[in-house]
Amino acid sequence: MTFDLFDPIDEPRRTEQIGDAAFVLRGCALPYVAALLPPLEAILQQAPFRHMMTPGGLRMGVALTNCGALGWISDRRGYRYGPMDPDSEQPWPALPDVFIRLAQDASEQAGFPGFAPDACLINRYEPGTRLTLHQDKNEKDFAAPIVSVSLGIPAVFLFGGHERSDRTERVSLVHGDVAVWGGVDRLRYHGIMPLKHADHPLLGAQRINLTFRHAG
Ligand code: MD3
Ligand code: FE
């Protein structure tokens, strides 16, 4: 018989509600990290991080890649999802089972059962990198939630409203945190403040964010 009253891994797992249908599940990804890093490495071998071009011709500060049936792409022609990696001209690497299990576990805990992601956008931030306020509206329908997994060094997430000019709330995201958004919060403006210099024991001086979406 074991008693979990003083289980040290119990405390860091809390659910914080930041909107009517938006939650941060603190530490939710921690039990998955060891199983998730080897398939992540394999994906990065096949589809390395790259800096895409915005439709306006600017190089994005965030480097990205994708896995899953669909991947998010930006180039001079616009933002969209597509089945092929434009660099390799091959399909994006498949979604590893452990990625799907984590996304489903988190979405269910946040009250969105039956989430079936077909796309995982993988963002890499180095110190100084930011992501300006934007809405995610390239997905075909907005009924499914988005699940975001933070790995590596910490970031400050900006959670805005439905207008770009609405005030933003700052939410710290650390290694292992999972954010889940859907419903009325799905189209909120959001962004990431410039990353502070830091070093993570597993991932070094970077933050990797996995965002799971139903895009197609
Ligand atoms: C909040 N990524 O890739 S988490 C993105 O940490 C993106 O890399 C950030 O925004 C990152 O598009 C933020 C994901 C996220 C996605 C959609 C949202 C947060 C959201 C929609 C509404 C509110
Ligand atoms: Fe976004």
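The values are calculated or read from the model by the stated rules, or taken from the named source; none is laboratory data. Bear in mind that the values here come from a model prediction, so they are computed numbers and not experimental data. Cβ atoms come from the backbone with ideal geometry, glycine included; neighbour counts cover every protein chain shown. Surface areas here come from the heavy atoms of the whole protein model, side chains and all, with no ligands, DNA or RNA. Shrake-Rupley method; radii C 1.70, N 1.55, O 1.52, S 1.80 Å.
Scalar couplings 3J(HN,Hα) for region 184-190, obtained by applying the Karplus form with A = 6.51, B = -1.76, C = 1.60 to θ = phi - 60°, are 5, 9, 4, 9, 5, 5, 7 Hz; x denotes Gly and Pro.
Averaged over residues, the count of other Cβ atoms within 10 Å places the peptides 193-205, 63-75 in the sequence 63-75, 193-205, highest first. Using θ = phi - 60° in the Karplus curve 6.51 cos²θ - 1.76 cosθ + 1.60, the 3J(HN,Hα) couplings for region 111-127 round to x, 10, x, x, 5, 10, x, 10, 8, 10, 8, 10, 9, 10, 10, 9, x Hz; x is entered for Gly and Pro. Here the dipole of region 1-141 is about 680 debye; that uses its Cα centre as origin and unit charges on the Cβ of Lys and Arg (positive) and Asp and Glu (negative).
The packing ranking, built from the mean of other Cβ atoms within 10 Å per residue, places the peptides 89-102, 140-153 in the order 140-153, 89-102, highest first.
Near GLY57: Cβ cut-off under 14 Å, other residues only, Lys/Arg at +1 and Asp/Glu at -1. The net charge is +2.
Loop-resident GluC sites (Glu not before Pro) (DSSP state other than H, G, I, E or B) in region 120-216 with no more than 12 further Cβ atoms inside 10 Å of their Cβ: GLU163.
The residues of the chain present an accessible area of 50 Å² per residue when probed at 1.4 Å with all protein chains retained. The amide H of ASP166, built 1.01 Å from its N in the peptide plane, has GLY161 as neighbours under 5 Å, considering only residues 5 or more places off or on other chains.
The mean sequence separation of alpha-carbon pairs under 8 Å and at least six residues apart, normalised by the residue count of region 148-204, gives a relative contact order of 48 percent.
Helix 33-46 and the longest principal axis of the C-alpha atoms of the chain enclose an angle of approximately 10°. Shown for the chain: the carbon plus sulfur share of the solvent-accessible area, taken with all protein chains present and a 1.4 angstrom probe, equals 55%. Per-residue 3J(HN,Hα) values for region 149-157, derived from phi via the Karplus relation 6.51 cos²θ - 1.76 cosθ + 1.60 with θ = phi - 60°, read 10, 9, 10, x, 6, x, 9, 10, 8 Hz in sequence order (x marks Gly and Pro).
Entry note, region 122-216: relative contact order of 48 percent, from Cα contacts under 8 Å with a spacing of 6+ residues. Once Rh is set to the Kirkwood radius over Cα pairs, what Stokes-Einstein translational diffusion coefficient, in µm²/s, holds for the chain at a temperature of 20 °C and a viscosity of 1.002 mPa s? Diffusion coefficient, whole number: 121 µm²/s. Each Cα pair under 8 Å and six or more residues apart adds its sequence gap; the mean of these over the residue count of the chain is a relative contact order of 24 percent. Between 0 and 90 degrees, the angle of helix 97-109 with respect to the longest Cα principal axis of the chain falls at about 60 degrees. Charge tally for GLN206 (other residues, Cβ to Cβ under 9 Å; Lys, Arg +1; Asp, Glu -1): +1. Cβ under 13 Å from ASP75's Cβ, ASP75 left aside: what net charge do those residues give with Lys, Arg +1 and Asp, Glu -1? Taking every other residue near ASP75 into account, the sum is +3.
Near THR129, the amide H atoms lying under 5 Å from its own belong to LEU195; only residues 5 or more places off or on other chains count, and H is placed 1.01 Å from N.
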